[in-house]
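Visitor: Handing you a structure now.
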């Protein structure tokens with residue numbers, strides 16, 4: 001079947017650079033990459049003209065609340081690069097800690113990623129090294145520095161009480 | 001190739017927007033110019049950023065259908081379709097065939113309304129208001145069909161988790177077939193105007209040319225990409241809903257200019273009409289819904305559909321509760337902005353409104369007022385308050 005062929009091909013392409021390649025659904029394949037191997041993996045896919053970058057998703061993964069007397073675990077974020085070819089979706093997954101939330105820009109290989117990377121920067125507070133433009137894309141100009149709305153810890157701003165209302 | 005040309009201090013910069021006269025939705029563009037010719041462009045979005053992705057994390061799976069339909073006022077159905085297909089993937093259920101057919105019919109009706117709306121706006125940008133008036137008048141036919149099926153013109157709200165709310169009976173089928181016949185006749189006229197009218201051709205032919213390779217590199221999708229020969233259409237590449245059973249033909253053009261973007265969209269309308277007739281003629285018999293659990297099993301899903309403007313992507317992550325862990329939406333307009341930033345360079349500033357309209361960025365639908373005659377009450381003009389009171393009385 002055509003779909004299996006496409007999956008086999010991307011599997012072969014990604015195996016050399018990715019620590020783990022798993023087929024998670026009939027049409028989806030997930031590949032774990034590191035900050036160091038991300039660019040290699042993207043380059044392999046682009047050079048082979050396997051699909052196109054469909055989206056970049058940021059995921060916030062705060063550590064679960066620690067049990068009593070235990071040290072809290074470290075918070076992480078995950079960045080997913082979705083590539084699509086025909087019906088197949090290949091996802092490159094990079095996990096980075098809060099303490100060093102830095103990923104390299106893929107704009108050198110995929111120029112159109114600039115808007116997606118700008119979104120990551122302002123929504124998740126991830127530093128994208130070497131991205132051509134770091135201006136605000138979506139949030140208002142007066143948005144406070146260091147507040148990243150798509151992180152789980154952000155639950156909205158406290159509503160200021162209106163004068164003359166309430167008790 | 002640069003996606004974003006950086007503005008240098010010695011250049012003359014023309015800021016356009018946020019309240020752009022050509023776009024009914026706000027966006028800010030900065031064009032650096034040398035004389036009349038554009039040498040660089042940059043973009044700033046987010047003036048209508050509403051935090052919907054974040055909002056979905058505090059609502060349950062069912063409530064999210066309604067918030068996600070409101071991402072866009074033009075392609076509301078396609079957002080809900082992408083979402084419900086994703087949730088059904090996670091829950092491991094498939095909507096019944098008749099529900100899938102109805103989803104497809106409404107999706108294609110939505111495409112017809114969206115493309116006709118665009119045709120009018122784009123014609124208006126080109127200074128061709130007669131075509132604008134005609135296409136918007138004719139578009140009312142499809143708006144009436146959408147209203148007939150769902151009672152709504154904008155947020156049809158046809159989808160449910162596991163199926164659809166509304167059925168299509170024989171009476172509706174007859175109305176649809178009649179309306180489609182009229183639309184098909186009008187399309188022939190539009191096609192003639194777009195390809196032969198001298199003024200129109202003068203403003204569209206060889207303007208904003210984007211060769212196939214460039215379109216491919218910039219990730220152009222939808223009619224914008226297909227007008228440059230990029231063969232990407234999710235309805236064909238990865239058939240969803242009823243597109244597997246009722247296949248659709250991909251429309252492409254090699255010219256890659258503004259005119260090709262008109263031609264591709266009009267040809268797609270013919271194809272949509274054919275598809276709707278085909279499904280109406282072979283409507284599968286089945287239930288309209290299957291049961292979907294309130295708590296969705298933990299996992300990740302990836303759902304892609306073809307919106308009127310191109311590929312729409314939903315990434316869903318469930319943590320096993322009744323609210324999603326994360327919903328990521330990538331709308332087609334976001335992809336196509338990079339094309340425009342690129343092909344604007346080298347053109348006259350006066351071509352910018354049409355080029356901006358050429359990718360069909362998402363606009364909002366306008367309000368309208370209705371005149372209802374019932375029980376001897378005849379009045380042609382209604383104030384908002386009268387209309388509101390009438391509505392309250394009517395449903396009492």
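Visitor: I need the full set of residues from the range B:159-210 which are under 24 Å from residue B:279 (Cβ atoms), more than 23 Å from the chain's Cα centre (by Cα) and free of Cβ contacts under 8 Å to residues at least 12 places away in the same chain, in order please.
Guide: B:169, B:170, B:171, B:174, B:178
Visitor: What tally of residues in the range B:47-99 results from selecting those that are assigned to a helix (DSSP H, G or I) and within 14 Å of another protein chain (Cβ to nearest Cβ)?
Guide: 12
Visitor: Looking at the structure I just gave you, is residue B:148 surrounded by 24 or more Cβ atoms within 10 Å (Cβ to Cβ), at pLDDT below 95 and out of contact with any strand residue (DSSP E or B) (no Cβ under 8 Å at 6 or more places or on another chain)?
Guide: The answer is no for residue B:148.
Visitor: Based on what the data block shows, is residue B:308 more than 14 Å from chain A (Cβ to nearest Cβ) and at pLDDT below 95?
Guide: So residue B:308 fits the description; yes.
Visitor: Working only within the range B:197-219, note down all residues that are crowded, with 19+ Cβ neighbours inside 10 Å and touching a strand residue (DSSP E or B) at 6+ places or on another chain (Cβ under 8 Å).
Guide: B:219
Visitor: If you take the residues of the range A:75-93 that are touching a residue at least 60 places away in the same chain (Cβ under 8 Å) and facing chain B (nearest Cβ under 9 Å), which of them is surrounded by the most Cβ atoms within 10 Å (Cβ to Cβ)?
Guide: A:89
Visitor: Among the residues of the range A:100-117, what is the count of those that are in contact with a helix residue (DSSP H, G or I) (Cβ under 9 Å, 6 or more places away or on another chain) and more than 9 Å from chain B (Cβ to nearest Cβ)?
Guide: Within the range A:100-117, residues that are in contact with a helix residue (DSSP H, G or I) (Cβ under 9 Å, 6 or more places away or on another chain) and more than 9 Å from chain B (Cβ to nearest Cβ) number 7.
Visitor: When you look at residue B:42, is it modelled with pLDDT under 80 and either closer than 25 Å to residue B:208 by Cα or more than 12 Å from chain A (Cβ to nearest Cβ) (or both), yes or no?
Guide: yes
Visitor: Let me confirm something: among A:17, A:35, A:21, which residue is in a strand (DSSP E or B) and away from chain B (no Cβ under 14 Å)?
Guide: A:21
Visitor: Of the residues A:72, A:97, A:144, A:64, only one is without any contact (Cβ under 8 Å) to a residue 60 or more places away in the chain, more than 9 Å from every other protein chain (Cβ to nearest Cβ), surrounded by fewer than 19 Cβ atoms within 10 Å (Cβ to Cβ) and touching a strand residue (DSSP E or B) at 6+ places or on another chain (Cβ under 6 Å); which?
Guide: A:97
Visitor: Tell me which residues, restricted to the range A:41-61, are free of Cβ contacts under 8 Å to residues at least 24 places away in the same chain and under 19 Å from residue A:8 (Cα atoms).
Guide: A:47, A:49
Visitor: Further, regarding this structure: Modelled with pLDDT of 80 or more, surrounded by 23 or more Cβ atoms within 10 Å (Cβ to Cβ) and not in a loop (DSSP other than H, G, I, E, B), is that true of residue B:356?
Guide: No: the conditions fail for residue B:356.
Visitor: In the range A:40-55, which residues are touching a strand residue (DSSP E or B) at 6+ places or on another chain (Cβ under 6 Å) and part of a loop (DSSP other than H, G, I, E, B)?
Guide: A:50, A:51 - these are the residues of the range A:40-55 that are touching a strand residue (DSSP E or B) at 6+ places or on another chain (Cβ under 6 Å) and part of a loop (DSSP other than H, G, I, E, B).
The values are calculated or read from the model by the stated rules, or taken from the named source; none is laboratory data. This one's a predicted model, so the numbers in the text were calculated from it and none came from an experiment. Note: ideal-geometry Cβ built from the backbone for every residue, glycine included; neighbour counts use all protein chains shown.
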